[in-house]
Amino acid sequence: MLAIFVTGCSGGGGTVEQGGIGYIEGFLGGVSADEPRAALVGREILSSGGSAADAAVAMYFTLSVTMPSSASLGGGGVCVVHDAESGNTEALNFLARIPRVIPQTASRPSAIPGNPRGFYALFAKYGSGILRWEQLVSPAVNLAREGTPISRALSRDLAVAHDALIADPAFVAVFGGETLGRLINEGGNLKQIDLSTILRVISTQGPADFYNGKAAVHLVDAVERAGGSLTLDDLREYRPYWQETQKVSVGEHTAHFSPPPAAAGTVAATMLDILVNRGLYLDADGDVERLHVLAEVAMLSYADRSRWMLPAGETRWSSQELSDMTRLEEDLQNFSLGAHMPAAGLSIMPVRHSENPSGTSFVTVDKNGGAVACSLTMNNLFGTGRVAPGTGIILATIPDGKNRGPYSLGPMIMDNQNSKKFFWAGASSGGVAAPTSLINVASQVLIGNSSLSSAIAAKRIHHDAFPDTTYYEKGLEQWIVDGLVNRGHSVVPVSTMGRVNAIYCFKGLPDNPDTCEIANDPRAFGLATMSQ
């Protein structure tokens, strides 16, 4: 696991000059991401005096170059944002959406890009004012133009989808390796000249031209040639929007989750609410009971999802209705620390819902306690699998109401709304197991008082109600597995489960930076680092 922990740092500090760039001494915050280069760029932004929102913008645009499998300019996502000054925490929705019209000529229907306008909205509302927009996007411009080594994270994704991607000549023109018929390998230098041109326009003009200018015209034509579906009206009319978070009380603190259509936020919120406010996690004695409780609560939460989730992760329920856990009362009456509740006996019949595991996440916090947690998706690994010729942009596929969509997105921030202090930021990816992976970690840290590093490395458990199967990560001690079986669980081992990025400051920021831990998941190939 790549993680750098810094303790004993003060919240203040002077300024030092390095190479003509001003860097602030002392604790400046930290970042964690699934791709190392993005984390390093985020750290540099914090070192230059930028806010968590500034760092998030720079990290995203870097990911558009270094992790386009999940974070291309053609994709979208959601963020939860905590503002240190006001104490306000809210969610930002900039998902890649379905075009108004999909022509019959579209062999690979593609979504409306959300990322450029989404991160501009984040910058416009929560940017520090110290760094200009161009300074945040320019690292990505340089990486695309000059080239960057393929990371292990991107190399893994290329290997998974290799045979499908190699069929697109425009994709091969960008990602083709030295060997005919093969894509570039880990460590190979990836230059994306067309993409650098688009990014340069975004860096100097904001996203305006991308959505309503010459770049938009060029993109629409390229999307059509790639067999996608996009019109100028789709681009012009696209707007990200801010949402009230779904809230869960955790003692004196408040945990904030992204609401639907980022459906995993509600699943994770339901799990945490039951674990904390029903006392189930604290009632559990020992590892077997704790994992049993996590599996049961996950099963209840996924079965409950059948009540409120519509296609593409949306819901007709209000935030207040989603937060009302009395709907689970009947099933909770049957909960037992000693026995598994059969899924077939739940008050609502679970529904099978397969999910694509692609996606990526990152978290960042600044010295003032401002924080951002984001989850991104192309609705499929590499989206449509095609590059819009002449742009370098991989196109996101449309959410289909089946297995492709924003179901697994659900970033989380915990604050104290009275003191305005920040305590936790977490985000995860990995498909259906993403929210349970996040709560596996959060419950150990926020309820069980484990260190973040040990919690994020611990073996995980998952149950999504249909089928009635409890999944666990290989390497879990056999006596724990036997204990689950003895309680009636039908168990199946899996290699890995989810990828989590998290930051935890158990005494809160900005006052106690020496209590902060930042961790990247050992199941991924990213980086966690603090800035000082």
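List every residue pair whose Cβ atoms lie under 9 Å apart, where the two residues are 6 or more positions apart in sequence or sit on different chains, the first residue falls within segment 172-183 and is farther than 17 Å from Met67 by Cα and of a type in the set (D, E, K, R), and the second residue, located anywhere, is modelled with pLDDT of 90 or more and part of a loop (DSSP other than H, G, I, E, B). Between residues of segment 172-183 that are farther than 17 Å from Met67 by Cα and of a type in the set (D, E, K, R) and residues that are modelled with pLDDT of 90 or more and part of a loop (DSSP other than H, G, I, E, B), the close pairs are Glu178/Ile184; Glu178/Asn185; Glu178/Gly188; Arg182/Ile166.
Looking across segment 125-138, the residues that are over 21 Å from the mean Cα position of the chain (by Cα) and either in a helix (DSSP H, G or I) or not basic (Lys, Arg) (or both) come down to Ser128, Gly129, Ile130, Leu131, Trp133, Glu134, Gln135, Ser138. When segment 308-326 is limited to residues that are in contact with a helix residue (DSSP H, G or I) (Cβ under 8 Å, 6 or more places away or on another chain) and farther than 20 Å from Ala434 by Cβ, the one that is surrounded by the fewest Cβ atoms within 10 Å (Cβ to Cβ) turns out to be Arg316. Looking at segment 249-261, is at least one residue over 25 Å from the mean Cα position of the chain (by Cα) and either aromatic (Phe, Trp, Tyr) or on the phi > 0 side of the Ramachandran plot (or both)? Yes, because at least one residue in segment 249-261 is over 25 Å from the mean Cα position of the chain (by Cα) and either aromatic (Phe, Trp, Tyr) or on the phi > 0 side of the Ramachandran plot (or both). Residues in segment 131-145 include none that are modelled with pLDDT of 95 or more, within 23 Å of Thr397 (Cα to Cα) and among the β-branched types (Val, Ile, Thr). Of the residues making up segment 280-307, those that are β-branched (Val, Ile, Thr) and buried (at least 21 other Cβ atoms within 10 Å of the Cβ) are Val293, Val297.
Say whether the condition of being under 28 Å from Phe119 (Cα atoms) and touching a Pro at 6+ places or on another chain (Cβ under 9 Å) is met by at least one residue in segment 159-166. So that I can check it myself, show each step before the final result.
Initial filter on segment 159-166 (under 28 Å from Phe119 (Cα atoms)): 161, 165.
When the remaining residues are screened for being touching a Pro at 6+ places or on another chain (Cβ under 9 Å), the result is none.
No, the conditions are met nowhere in segment 159-166.
Here segment 127-174 is the region considered, the condition is being surrounded by 19 or more Cβ atoms within 10 Å (Cβ to Cβ) and touching a Lys or Arg at 6+ places or on another chain (Cβ under 6 Å), and the residue that is nearest to Asp521 (Cα to Cα) is Val141. Look at segment 141-167: where a residue is closer than 22 Å to Ala38 by Cα and a partner is in a helix (DSSP H, G or I) and aromatic (Phe, Trp, Tyr), sitting 6+ places away or on another chain with Cβ atoms under 9 Å, you get Val141/Phe61; Ile150/Phe175; Leu158/Phe175.
Residues in segment 481-498 include none that are free of Cβ contacts under 8 Å to residues at least 40 places away in the same chain, surrounded by 19 or more Cβ atoms within 10 Å (Cβ to Cβ) and touching a helix residue (DSSP H, G or I) at 6+ places or on another chain (Cβ under 8 Å). Restricting attention to segment 103-124, and to residues there that are polar (S, T, N, Q) and in a loop (DSSP other than H, G, I, E, B), which single residue is farthest from Lys191 (Cα to Cα)? Applying the filter and picking the extreme gives Gln104. Which of the residues that make up segment 419-455 are in contact with a Phe, Trp or Tyr (Cβ under 6 Å, 6 or more places away or on another chain) and under 23 Å from Ala53 (Cβ atoms)? Across segment 419-455, the qualifying residues are Trp424, Leu452. For segment 398-434, filtering for residues that are touching a Leu at 6+ places or on another chain (Cβ under 9 Å) and part of a helix (DSSP H, G or I) leaves 1.
Name every residue in segment 98-126 that is buried (at least 19 other Cβ atoms within 10 Å of the Cβ) and either among the basic types (Lys, Arg) or touching a helix residue (DSSP H, G or I) at 6+ places or on another chain (Cβ under 7 Å) (or both), in order of residue number. Those that are buried (at least 19 other Cβ atoms within 10 Å of the Cβ) and either among the basic types (Lys, Arg) or touching a helix residue (DSSP H, G or I) at 6+ places or on another chain (Cβ under 7 Å) (or both): Pro99, Ser110, Ile112, Asn115, Pro116, Arg117, Phe119, Leu122, Phe123, Tyr126. Filter segment 402-431 down to the residues that are touching a residue at least 60 places away in the same chain (Cβ under 8 Å), surrounded by fewer than 24 Cβ atoms within 10 Å (Cβ to Cβ) and closer than 19 Å to Asp157 by Cβ and list them by number. Within segment 402-431, Gly431 is the sole residue that qualifies. What residue, of Leu446, Leu452, Leu438, is aliphatic (A, V, I, L, M), in contact with an Asp or Glu (Cβ under 6 Å, 6 or more places away or on another chain) and under 29 Å from Leu300 (Cα atoms)? Being aliphatic (A, V, I, L, M), in contact with an Asp or Glu (Cβ under 6 Å, 6 or more places away or on another chain) and under 29 Å from Leu300 (Cα atoms) holds for just one of Leu446, Leu452, Leu438, which is Leu452. Restricting attention to segment 244-279 and to residues that are more than 12 Å from Val297 (Cβ to Cβ) and acidic (Asp, Glu), the residue that is surrounded by the fewest Cβ atoms within 10 Å (Cβ to Cβ) turns out to be Glu252. Total residues in segment 455-480 satisfying the condition of being surrounded by fewer than 22 Cβ atoms within 10 Å (Cβ to Cβ) and either within 22 Å of the chain's Cα centre (by Cα) or under 27 Å from Met349 (Cα atoms) (or both): the figure is 9.
If the condition is being assigned to a helix (DSSP H, G or I) and loosely packed, with under 14 Cβ neighbours inside 10 Å, then segment 180-218 contributes Ile193, Thr204, Lys214, Val217. Out of everything in segment 168-179 that is assigned to a loop (DSSP other than H, G, I, E, B) and either modelled with pLDDT of 95 or more or touching a strand residue (DSSP E or B) at 6+ places or on another chain (Cβ under 9 Å) (or both), what residue ends up being nearest to Ile393 (Cα to Cα)? Applying the filter and picking the extreme gives Asp168.
Listed by first and then second residue, the pairs with beta-carbon distance under 6 Å, at least 6 apart or on different chains, first residue in segment 320-346 and touching a residue at least 24 places away in the same chain (Cβ under 8 Å), second surrounded by 12 or more Cβ atoms within 10 Å (Cβ to Cβ) and charged (D, E, K, R), are Met325/Asp273; Leu337/Glu289; Ala339/Arg487; His340/Arg487; Ala343/Asp468; Leu346/Asp331. Taking the criterion of being aliphatic (A, V, I, L, M), surrounded by 12 or more Cβ atoms within 10 Å (Cβ to Cβ) and either part of a loop (DSSP other than H, G, I, E, B) or touching an Asp or Glu at 6+ places or on another chain (Cβ under 9 Å) (or both), the residues of segment 327-348 that qualify are Leu328, Leu337, Ala339, Met341, Ala343, Leu346, Ile348.
The values are calculated or read from the model by the stated rules, or taken from the named source; none is laboratory data. In this text, all values refer to a predicted model and were calculated from it rather than measured experimentally. A quick note on method: Cβ atoms are made from the backbone with ideal geometry, for glycine too, and the neighbour counts reach across all protein chains shown.
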